[in-house]
Amino acid sequence: MLQLWLLFLLATTGYDLLQRRVPNWLVMSGLAFAILALITERHPFGLTWAPALIASLAAFLFFLIFYLMKVMGAGDVKFAGVLALWVGLMPFALIWAMASVLAGLHALLFILSKRQPLPSLLLKLIHGPAFNDPLKSASSKQIPYAAYLALSAIAWLILFEPTPGS
């Protein structure tokens, strides 16, 4: 199941970085595999139903506030709920903090790119060929938050090497 989870994270990262969206089929796949892991009791991090569902609901509702304020996309909200179903509440809080730092750095690079060529070049690498003048391109202002959540989840796995039940 861990390999499926990592594949889900990598696919989400790719989609969000390249297309600035997380397709519903991808979110639903991650949800289905998380439920399968819970049903078969083969959850890679040893979570059971209650803590997984509480974490998922808490993450979804928390991120829904940002969606309603129109500062986050619906895909980011759904992905956060599914990610929390996989990792649980406390790990999700750490992953969210790491992702927020990455998103903040992304926003800072965007602001600096209005004045300096180097951050603009970095943003062009992040955004791909669709990146033009940051003042003219509305899509360049979107921060790929689900991608940063997914990358932070991978970093959490590498740095903290969680064992089942932890």
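The values are calculated or read from the model by the stated rules, or taken from the named source; none is laboratory data. Please read all numbers here as calculations on a predicted model, not as lab measurements. A quick note on method: Cβ atoms are made from the backbone with ideal geometry, for glycine too, and the neighbour counts reach across all protein chains shown.
Taken over segment 1-16, residues that are surrounded by fewer than 15 Cβ atoms within 10 Å (Cβ to Cβ) and either under 12 Å from the mean Cα position of the chain (by Cα) or among the polar types (S, T, N, Q) (or both) amount to 3.
Considered as a group, the residues in segment 17-32 that are crowded, with 17+ Cβ neighbours inside 10 Å and either within 10 Å of residue 150 (Cα to Cα) or in contact with a Lys or Arg (Cβ under 8 Å, 6 or more places away or on another chain) (or both) include one that is modelled with the lowest pLDDT, and that residue is 22. Of all residues in segment 67-86, those being without any contact (Cβ under 8 Å) to a residue 24 or more places away in the chain, surrounded by fewer than 22 Cβ atoms within 10 Å (Cβ to Cβ), hydrophobic (A, V, I, L, M, F, W, C) and under 16 Å from residue 21 (Cα atoms) number 2. Within segment 40-71, track down each residue that is within 22 Å of residue 147 (Cβ to Cβ) and either charged (D, E, K, R) or at pLDDT below 90 (or both). Hits for segment 40-71 are 44, 45, 70, 71. Pairing each residue of segment 4-24 that is more than 18 Å from residue 102 (Cα to Cα) with any residue that is loosely packed, with under 14 Cβ neighbours inside 10 Å and hydrophobic (A, V, I, L, M, F, W, C), provided the two are 6+ apart or on different chains, yields no C-beta distance under 7 Å. The residue of segment 36-56 that is farthest from the chain's Cα centre (by Cα), among those that are in contact (Cβ under 8 Å) with a residue 40 or more places away in the chain and surrounded by fewer than 17 Cβ atoms within 10 Å (Cβ to Cβ), is 42.
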